Amino acid sequence: MVRPHAAAAVRNAAPILGVLRHELRNCSTLFEIGSGTGQHAVAFAAELRHVLWQTSDLEQSHPGIRAWIAEAGLDNVLPPMGFDVLTSGKTGHKYDAVFSANTAHIMSYAAVCRMFERVGDMLSEPGLFCLYGPFSRGGAFSTPSNEAFDASLRARNAAMGIRDLDDLQVLGSENGLQLARVYAMPANNLLAVWTIIAARCRR
Ligand SMILES: C[S@@+](CC[C@H](N)C(=O)[O-])C[C@H]1O[C@@H](n2cnc3c(N)ncnc32)[C@H](O)[C@@H]1O
């Protein structure tokens, strides 16, 4: 199979890796939601050899992800798990970290809510959830280009749209997660990091 290529995944890989290198320094296992082409998984797993990287996505993306994994020949990337945040059952495993890129604005808001529930279930303490993408904050877009992107998404599919970090912060706290750090990334994107709320750690 010809490996699928997403130009954006090539452009944003280095800046995302810069953050993940630091955030995942104490993590051994990671679950990726919405691996897409699989480019991120192999690019990051190649540089973070201490992390066992579990790819996942809807079944239609699996051939491409498998092709990237086969070509990379890494022993720390696992074949894609069929995982739809809305319909899949529990993964049955706990992970040190969950990573997801460019998914929250593609999923419906109901699916985003469900993603936070699933992340809350699958993280082991202290837990890290790293979510990359475009977000608004306090109901305001950071740039006209993000506002235009949001309008184009909603025109394409009314269920899509850029999510507000304040809303995601609430979703996190409803699921035992606190927004710990927000990194400004190139092209007006953010990488937000949640950890398990300390009170839950002490239980
Ligand atoms: C824009 S792509 C991002 C792919 C990749 N993470 C990247 O940054 O290049 C959005 C991904 O979210 C996945 N996705 C959409 N709805 C989903 C759902 N309900 N559950 C799990 N993944 C979903 C899509 O299949 C797709 O791979």
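Based on this model, can you work out whether R156 counts as among the basic types (K, R), within 19 Å of the chain's Cα centre (by Cα) and modelled with pLDDT of 95 or more? No. For region 1-59, a tally of residues being more than 10 Å from the ligand (Cβ to nearest atom), touching a Ser or Thr at 6+ places or on another chain (Cβ under 8 Å) and among the charged types (D, E, K, R) returns 1.
Mind listing just one residue for me: the one in region 49-93 that is among the small types (G, A, S) and touching a residue at least 60 places away in the same chain (Cβ under 8 Å) and, of those, surrounded by the fewest Cβ atoms within 10 Å (Cβ to Cβ)?
Applying the first criterion (among the small types (G, A, S)) to region 49-93 yields 56, 61, 64, 67, 70, 72-73, 82, 88-89, 92.
Narrowing further to those that are touching a residue at least 60 places away in the same chain (Cβ under 8 Å): 64, 67.
Values: G64: 22, A67: 16.
Ranking the candidates gives A67 first.
Within region 1-28, the set of residues being of a type in the set (S, T, N, Q) and either crowded, with 18+ Cβ neighbours inside 10 Å or more than 23 Å from V85 (Cα to Cα) (or both) comprises N12, N26. Does S173 satisfy being modelled with pLDDT of 95 or more and not β-branched (V, I, T)? For S173, the condition - modelled with pLDDT of 95 or more and not β-branched (V, I, T) - is met.
Limited to region 13-30, what total is found for residues that are outside any helix (DSSP H, G or I) and not β-branched (V, I, T)? Selection size over region 13-30: 6. Is it the case, given these coordinates, that G172 is under 21 Å from S108 (Cβ atoms) and of a type outside the set (A, V, I, L, M, F, W, C)? For G172, the condition - under 21 Å from S108 (Cβ atoms) and of a type outside the set (A, V, I, L, M, F, W, C) - is met. Contact annotation: residue pairs with Cβ atoms under 7 Å, 6 or more positions apart or on different chains, pairing a residue in region 33-44 that is more than 10 Å from V77 (Cβ to Cβ) and of a type in the set (V, I, T) with a partner that is near the ligand (Cβ under 7 Å from one of its atoms) and in a loop (DSSP other than H, G, I, E, B), are I33/F83; I33/V85; I33/T103; T37/A6. Entry remark, region 6-24: residues being touching a residue at least 24 places away in the same chain (Cβ under 8 Å) and within 21 Å of R181 (Cα to Cα) number 10 in total. Inside region 121-157, residues that are closer than 27 Å to K94 by Cβ and either surrounded by fewer than 17 Cβ atoms within 10 Å (Cβ to Cβ) or more than 16 Å from the ligand (Cβ to nearest atom) (or both) make up a count of 7.
Might you check whether a residue that is closer than 24 Å to R156 by Cα and aromatic (F, W, Y) occurs anywhere in region 105-114?
yes
For region 81-109, which positions are more than 10 Å from the ligand (Cβ to nearest atom) and not hydrophobic (A, V, I, L, M, F, W, C)? G89, K90, T91, G92, H93, K94, Y95, D96, Y109, listed by residue number. Taken together, G176, G127 contain a single residue that is touching a residue at least 60 places away in the same chain (Cβ under 8 Å) and at positive phi, which is G127.
The values are calculated or read from the model by the stated rules, or taken from the named source; none is laboratory data. No experiment lies behind these values; they were computed from the predicted model shown. Neighbour counts are summed over all protein chains in view; Cβ atoms, including those assigned to glycine, are modelled from backbone coordinates with ideal geometry.
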